[in-house]
């Protein structure tokens, strides 16, 4: 009990005395995850919106592959990105391996299926309600997908928050491609794993508390967006009205 209480006390001291090592790890972790989400969401939202509306041969197979990628372990993603960026890999000329760029790429690849699949489901549900009306007004596939995505923008904000939570809490991919180099590529999850194995429990616990707060804030944000969406549903125009205008 004394060891536990002592670790908690030391962890709180690191937090409230603004330990430079701890907060540099936190800042690096948040920056990498945020940038990875921006990269993944830029592609995933458009791709998911198109998949929610488009109908083509092989679509069911593509969706099966997409849903399978949702369960892909992060260490496998890290291995694939490592092979791509290794000196003998097709992207080895970039020299990104064991850098923050490699970590951003790995997290973006990990998050992309999540954003795409959730966006596709949101837009497809909206298509069932408004698709025939939009088609009757002459809206083609891409226009329908964009209008329906805009109509579901509050739900998509929840998707983006979920994606960030997935990125910031993963450990396998960034450890494989980043190398967990102190002061350079070490982030919260990899630092927790390393410091725990070394027996430096205060730093690991302090980082764990910060990560827990980040996840809590993300979940509060999701709840707030859901309530906001319910409030705004009756006040914004539908995609059918937008086309009509």
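Throughout, read-outs are computed from the coordinates displayed, never taken from laboratory work. Only a predicted model underlies this, so the values are computations on that prediction, with no experimental measurement involved. Every residue, glycine as well, gets a Cβ built from its backbone with ideal geometry; the counts of neighbours run over all protein chains shown.
Fewest-first ordering of 223, 74, 33 by other beta carbons within 10 Å of each residue's beta carbon gives 223, 74, 33. Computed as a quarter of the hull surface, the mean projected area of the alpha carbon convex hull for segment 1-99 stands at 11.1 nm². Taking 27, 52, 199 in turn, the Gaussian network model of the chain (Cα-Cα springs below 10 Å) assigns the largest fluctuation to 199.
Ignoring solvent entirely, what values of log10 I(q)/I(0) come out of the Debye formula for the chain at 0.11, 0.17 Å⁻¹ when each Cα is a single scatterer? These q points yield log10 I(q)/I(0) values of -0.69, -1.19. Helix 20-53 axis versus longest C-alpha principal axis of the chain: approximately 20°, rounded to the nearest ten.
Computed from Cα positions, the angle between helix 153-168 and the longest principal axis of the chain comes to roughly 30 degrees. The calculated 222 nm mean residue ellipticity attributable to helices in the chain amounts to -26500 deg cm²/dmol, summing -39500 (n - 2.57) over DSSP H runs of n ≥ 4 and dividing by all residues.
The value obtained for segment 94-228, namely the Cα convex hull volume divided by the number of residues, is 114 Å³ per residue.
Among 230, 121, 107, the largest mean-square fluctuation in a Gaussian network model of the chain, built with springs joining Cα atoms closer than 10 Å, belongs to 230. Between residue 181 and residue 42, the contour length at 0.36 nm per residue exceeds the Cα-Cα span by 47.1 nm.
Here the relative contact order of segment 13-244, from alpha carbon pairs under 8 Å that lie six or more residues apart, stands at 30 percent.
Separation of segment 12-57 and segment 162-200, taken as the distance between their Cα centroids, equals 14 angstrom. What angle, in degrees between 0 and 90 and rounded to the nearest 10, separates the Cα long axis of helix 59-69 from the longest principal axis of the Cα atoms of the chain? Result, in degrees: 10.
Each principal axis of the Cα atoms in segment 66-111 has its own extent, and those three values, largest first, are 32, 19, 15 angstrom. Footprinting exposure proxy ranking of 122, 37, fewest other C-beta atoms within 10 angstrom first, gives 122, 37.
Largest mean-square fluctuation among 213, 53, 177, in a Gaussian network model of the chain whose springs join Cα atoms under 10 Å apart, belongs to 213.
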